[in-house]
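Since the structure comes first, as structure tokens, the remarks are kept for the end.
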Amino acid sequence: MKKNLLMRVSALCLTIMLILSQTALAAGTSDKDLEYLKSVMEMIKEKYKDEVSDKELIEGALKGMFNTMDAYTVYYSPKEAKEFLGEVEGKYEGIGVMMNKSDDNSILISNVFSGSPAEKAGIIAGDRIVSVDGRGVASASLDQVVTWIRGTAGTEVSLGVIKAGRSDITVIKVTRAEIKINPIHFEIRNGIGYIKIASFNSNTREYINEALNVMDNNGVDKLVLDLRNNPGGEVSQAVEVAKRFVPEGLITKLNFKSEKYADESYFSTLKSPKYKLAVLVNEMSASASEIVAGAIQDTKAGTLIGTKTFGKARVQVLIPLLTPEAYEKYEKQLGIKVLNAYDLINLHGIMPENSEIIGWTKITVGEYITPKGRMIDKTGIEPDIKVENYKPAMDIDVNSIQKLAKASKPALNSDSPDVYNAEKILKLAGYDVDKPDTKLDSKTFEAIKKFQKDNGGYPYGVLDFTTQSKLNEMLDKLILEIDKQYAKAVEILK
């Protein structure tokens, strides 16, 4: 793990407080309790059949202690902490794909990030991974395969790939790189802007500004902000999003248990909101999503539509814990007891070595309230207009379909991610196609011909740019028909 991980975490606004001088490990623990725990460790080492080290036992004890608290407080190994931080920062080292476990136990590529190593190596959506560096994936979990594929930037991974519409395995070597995750998807649909925020990672502010600049340049002042299934993320990023919509005043207030730290209040300076806003929420809209939704609802900056949100108003920080050896070392060196590595950095100017960090805890330290003082933890936010969630039709989630890119013109027997999305649209629209994949087979060819004829075009089965545009228009209609929450938002904005 890179030595600067400590500084990377401290720079994140997820870590609201950089220093917690005492932790749950020290508070209220008597000498008898410590002696008891020591005796338990000695008994385990004496009786347990296999070998177990003091470090392993201490890590187990730490996991157990932090697991006794709320569901959001956990203990991470250094490797787990690095992976968690990568999610929060919105970047990781890998090849730049989204994957799912398929019915045949292969790994299906559902999306390939633009400009990623995977795209450069010729991997497309619809390809299936059957091996990673010679290891078969059939008996491995999706998380295991993700771990195998990810790795240090500049290193190479060898993937056994079955291209869509084929049965033979092609070995593709991909050089890993740092991947920056864009959590924002946006488009303009019939004069109304649509912005989907998947999470509030460190890139959210950058990409929401990009989306809103496009809206402004196209004269769009009616927006649908989709926060459904958004699990949250950084407080600072949620606040930055809220500042673009919430009128001047309080956005949220964070209250902390420790009296050593002042409560934090975040404000908007927006004099006059420029957008007519509808916000989509559901039971998986949580945490930072609820900061944004609660502020918009309380200030009447927009209308909340959907189902009641998750109900998480708790704030966590990530804290590095010193090993017992480092704890003893710095006690002798400084004359004080230090468990939290941030104390060494911020109070004493000492950067501990990686080997001196036994692990990290993500621990709940406070809670937030909405501008009107509402505490929504465990209760959630009721939408202004309740509309039940839609269900996927024919096992196809209409909101998972990507617009056709109009980058090529697939013909019979062509392989293309555009074919995959075209087949989803055609199937939902009632045309006769098989299970969507990336191969334009004879059945899809005939379905395209019929679609072209139905829409006044020349029926020749090629997925040309005009046909792709018509299919994109059809997708917009299907979303309105199937996704009733989105349809209600459009109705209100119009």
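Here are the numbers for this structure:
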quantity: Elements of type helices (runs of 4 or more DSSP H) in region 410-494, at least 1 residues being modelled with pLDDT under 95; calculated: 417-428
quantity: Criterion violated by Glu423 - all others in (1) over 30 Å from Tyr368 (Cα atoms); (2) surrounded by fewer than 21 Cβ atoms within 10 Å (Cβ to Cβ) satisfied; calculated: (2)
quantity: Positions within region 230-252 being in a strand (DSSP E or B) and over 24 Å from the mean Cα position of the chain (by Cα), in sequence order; calculated: Gly249, Leu250
quantity: Odd one out for Gly90 among (1) surrounded by 11 or more Cβ atoms within 10 Å (Cβ to Cβ); (2) modelled with pLDDT of 85 or more; (3) within 24 Å of Asn255 (Cα to Cα); calculated: (3)
quantity: Selected residue [assigned by TED's automatic domain parsing to the domain that holds Val281, acidic (Asp, Glu), under 18 Å from Ile188 (Cβ atoms) and surrounded by fewer than 23 Cβ atoms within 10 Å (Cβ to Cβ)] from Glu240, Glu206, Glu210; calculated: Glu210
quantity: Single unsatisfied condition, Lys271 versus (1) surrounded by 24 or more Cβ atoms within 10 Å (Cβ to Cβ); (2) farther than 29 Å from Gly366 by Cα; calculated: (1)
quantity: Filter result for Lys120 (modelled with pLDDT under 90 and either surrounded by fewer than 21 Cβ atoms within 10 Å (Cβ to Cβ) or of a type in the set (D, E, K, R) (or both)); calculated: no
quantity: Selected residue (only one of Ala422, Ala487 is in contact (Cβ under 8 Å) with a residue 24 or more places away in the chain and under 27 Å from Asp226 (Cα atoms)); calculated: Ala422
quantity: Residue that is surrounded by the most Cβ atoms within 10 Å (Cβ to Cβ) [pool: residues in region 213-229 that are assigned to a loop (DSSP other than H, G, I, E, B) and polar (S, T, N, Q)]; calculated: Asn229
quantity: Condition check for Val281: at pLDDT 95 or above, in the same structural domain as Val220 (by TED's automatic domain parsing) and either closer than 14 Å to Ile208 by Cβ or surrounded by fewer than 18 Cβ atoms within 10 Å (Cβ to Cβ) (or both); calculated: no
quantity: Meets criteria (modelled with pLDDT of 90 or more, surrounded by fewer than 17 Cβ atoms within 10 Å (Cβ to Cβ) and not assigned by TED's automatic domain parsing to the domain that holds Leu480) for Gly136; calculated: yes
quantity: Helices (runs of 4 or more DSSP H) within region 284-396 that include 3 or more residues surrounded by fewer than 19 Cβ atoms within 10 Å (Cβ to Cβ) and not assigned by TED's automatic domain parsing to the domain that holds Thr252; calculated: 324-334, 341-348
quantity: Test: Phe465 is outside the structural domain of Gly193 (by TED's automatic domain parsing), closer than 23 Å to Met394 by Cα and not basic (Lys, Arg); calculated: no
quantity: Enumeration of residues in region 432-448 that are buried (at least 18 other Cβ atoms within 10 Å of the Cβ) and over 33 Å from the mean Cα position of the chain (by Cα); calculated: Thr444, Phe445, Ala447, Ile448
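The values are calculated or read from the model by the stated rules, or taken from the named source; none is laboratory data. Everything quoted here is computed from the prediction, not taken from an experiment. Reconstructed Cβ throughout: ideal geometry from the backbone, glycine too, with neighbour counts over all protein chains shown.
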